[in-house]
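Novice: Before anything else, here's the structure in question.
The values are calculated or read from the model by the stated rules, or taken from the named source; none is laboratory data. Computed from a predicted model, the values in this text were never measured in an experiment. Here the Cβ is made from the backbone with ideal geometry for all residues, glycine too, and neighbour counts use every protein chain on show. Please note that ligands, DNA and RNA were not included when accessible areas were found on the heavy atoms of the full protein model with its side chains. Shrake-Rupley method; radii C 1.70, N 1.55, O 1.52, S 1.80 Å.
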Amino acid sequence: MQHLPLFADLKNRAVLVVGGGVVAERRVNLLLSAGANVTLIAPLLTSHLAELAEDGHLTYLARVYADDSLEPYWLVIAATDDPTVNARVAAAADAAKRFCNVVDDLPLCSFIMPAIVDRAPVTIAIGSSGNSPVLTRWVKGIVETLLPSRLGALAELAGRWRERVRGAVPDATERRHFWERVVNGTVAEHAFAGREADAEHAMQSALASWGSDEVARRGEAYLVGAGPGSPDLITIRGRQLLASADVVLYDRLASIELLQYARRDAELICVGKTPRRPSITQKQLNRLLVGLVQSGKRVCRLKGGDPFIFGRGGEELEALATAGLKFQVVPGVSAAEGCAAYAGIPLTLRGVAQAVLLTTGHTVGEAAPALAEFQPGQTLVLYMGVAQYAEISAALIAKGHSPDTPAAIVESGTTDRQRVVRTALGSLAAAQEALDIRPPALLIVGETTRYAERYSWFAPSRIETFADGAAHERARAGHQSTKKKASS
């Protein structure tokens with residue numbers, strides 16, 4: 001963060017603007033809308049600024065800036081077309097310890113003016129630390145389209161009821177849950193539609209029924225798919241629930257960057273499992289999840305990929321359902337979908353692959369049924385199992401697949417650390433050892449992996465090709481021997 005966002009109360013406070021052109025006019029309009037007492041120094045004014053001065057909305061000093069004392073002013077803005085004058089104003093402000101904005105001269109600024117989305121009393125400031133005003137305005141346009149025009153009416157209603165709610169709901173966590181229900185329910189709908197009386201009545205009913213509404217007051221679990229690695233790939237709903245949770249239980253496959261979307265006062269607990277290292281067991285995790293929800297907490301269980309694809313989400317839901325607790329499930333972009341897409345590998349392709357098999361290679365025993373089903377014209381995707389590549393390769397070759405069958409390993413998929421290794425089935429183990437491939441990594445086997453280089457698009461990704469002649473020949477010899485025994 002290069003600049004700390006602040007909201008300044010300038011009502012009836014003195015602000016100096018040096019300059020009388022169009023840019024100064026825009027700054028003056030903003031300051032007046034915030035209730036500031038504006039003093040304007042400039043030899044000439046735009047017609048609009050002249051009208052404001054004539055009508056008494058600001059104090060106008062018709063002259064050039066003459067190193068005036070800045071002691072009376074809370075803020076200073078330099079908006080002339082003379083860089084020398086602007087620099088003098090900035091130097092004087094710095095000496096007087098007054099924040100100063102110099103238009104179009106970032107190095108001289110001690111504060112910058114953001115783009116503003118105004119839904120008073122809700123105000124949203126958007127900045128790029130002065131790097132790109134055009135980008136800032138573009139972001140503003142997106143935010144403008146997302147927010148109801150009468151958002152401020154809901155904020156004003158909340159302000160009127162704040163103390164009454166505080167008295168009726170003394171527990172802070174429970175009170176936050178009540179307000180979350182308000183902003184997502186009928187009270188908000190009435191406020192946004194301009195039905196103020198209906199909004200007030202709905203608010204009164206909501207507060208009156210809250211004490212007896214045990215269902216609304218109970219805790220709840222959110223099983224949220226975090227996506228395969230990139231923080232951009234979580235769903236909108238997933239981010240919403242993450243932002244509303246009291247506690248976040250996250251695993252090592254969920255992007256740590258997603259935690260910035262959690263509430264500042266949320267409890268963050270890492271429950272990730274690391275291969276061959278001490279870590280929380282699934283039974284312990286289930287007990288922790290159930291206990292937190294039973295205590296009235298809203299718990300976001302943030303899981304890498306999709307909760308229901310080798311994420312053990314079903315086991316956690318079973319624990320919640322057995323305890324009679326509320327839960328929601330938010331699907332995520334699975335590792336298979338995300339890693340394949342970011343590696344440029346279609347999982348299905350007309351005339352090449354008509355089916356996809358997903359399995360885990362954590363142990364060869366677990367993967368055996370799916371490996372037996374894998375046929376030409378299909379794509380096989382194996383989660384986990386980096387340490388078992390030799391056994392997986394041998395098992396597939398023993399089932400009749402050629403050692404030349406193309407394969408790809410996607411390491412740290414969808415992140416800036418992504419690496420794609422193209423190889424063949426017979427060279428899998430050698431590739432893993434020679435290139436030091438480490439989890440998280442996804443193995444894709446099938447003809448569509450040949451397209452990784454042709455369809456490559458993700459800039460940070462590295463594509464490598466590995467061919468180990470000796471390992472490949474050993475695998476091929478074993479494959480030919482198996483075929484001969486089968487035919488005889």
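Novice: Evaluate the stretch 450-457: report whether one residue or more is in contact (Cβ under 8 Å) with a residue 12 or more places away in the chain and under 24 Å from the mean Cα position of the chain (by Cα).
Specialist: For the stretch 450-457, residues in contact (Cβ under 8 Å) with a residue 12 or more places away in the chain and under 24 Å from the mean Cα position of the chain (by Cα): present.
Novice: Does R218 qualify as being under 28 Å from the mean Cα position of the chain (by Cα) and without any contact (Cβ under 8 Å) to a residue 40 or more places away in the chain?
Specialist: Spelling it out, it is not the case that R218 is under 28 Å from the mean Cα position of the chain (by Cα) and without any contact (Cβ under 8 Å) to a residue 40 or more places away in the chain.
Novice: For the stretch 370-444, which strands (runs of 3 or more DSSP E) that fit wholly inside it have 3 or more residues that are open to solvent by less than 10 Å² (accessible area, probe 1.4 Å)?
Specialist: Of the strands (runs of 3 or more DSSP E) lying wholly inside the stretch 370-444, those with at least 3 residues that are open to solvent by less than 10 Å² (accessible area, probe 1.4 Å) span 378-383, 406-411.
Novice: Which ranges mark the strands (runs of 3 or more DSSP E) fully within the stretch 9-70 that have 1 or more residues being under 45 Å from the mean Cα position of the chain (by Cα)?
Specialist: Output list reads 14-18, 37-41.
Novice: Out of L106, L146, I need the residue that is closer than 23 Å to A191 by Cα, open to solvent by 40 Å² or more (accessible area, probe 1.4 Å) and modelled with pLDDT under 95. Which one?
Specialist: Among L106, L146, only L146 is closer than 23 Å to A191 by Cα, open to solvent by 40 Å² or more (accessible area, probe 1.4 Å) and modelled with pLDDT under 95.
Novice: Considering only the stretch 342-376, how many residues are small (G, A, S), in contact with an Asp or Glu (Cβ under 8 Å, 6 or more places away or on another chain) and within 16 Å of L425 (Cβ to Cβ)?
Specialist: Here the count works out to 1.
Novice: Right, another one. Working only within the stretch 70-84, note down all residues that are without any contact (Cβ under 8 Å) to a residue 24 or more places away in the chain and exposed (fewer than 13 other Cβ atoms within 10 Å of the Cβ).
Specialist: Listed by number, the list holds a single entry, T84.
Let's see how each residue does on (1) touching a residue at least 40 places away in the same chain (Cβ under 8 Å); (2) open to solvent by less than 30 Å² (accessible area, probe 1.4 Å):
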position	(1), (2)
R137	no, no
L154	yes, yes
V165	yes, yes
A168	yes, no
E174	yes, no
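Novice: Any residue in the stretch 261-283 that is open to solvent by less than 20 Å² (accessible area, probe 1.4 Å), aliphatic (A, V, I, L, M) and part of a helix (DSSP H, G or I)?
Specialist: No: zero hits.
Novice: Give the residue, chosen from V183, V139, that is of a type in the set (A, V, I, L, M), within 19 Å of S244 (Cβ to Cβ) and at pLDDT 90 or above.
Specialist: Every option except V183 fails the conditions.
Novice: State whether the residues of the stretch 346-362 include one that is crowded, with 23+ Cβ neighbours inside 10 Å, out of contact with any Cys (no Cβ under 6 Å at 6 or more places or on another chain) and hydrophobic (A, V, I, L, M, F, W, C).
Specialist: no
Novice: For the stretch 13-68: of the residues being acidic (D, E) and under 18 Å from V102 (Cα atoms), which is most open to solvent (accessible area, probe 1.4 Å)?
Specialist: If we take residues in the stretch 13-68 being acidic (D, E) and under 18 Å from V102 (Cα atoms), then D67 is most open to solvent (accessible area, probe 1.4 Å).
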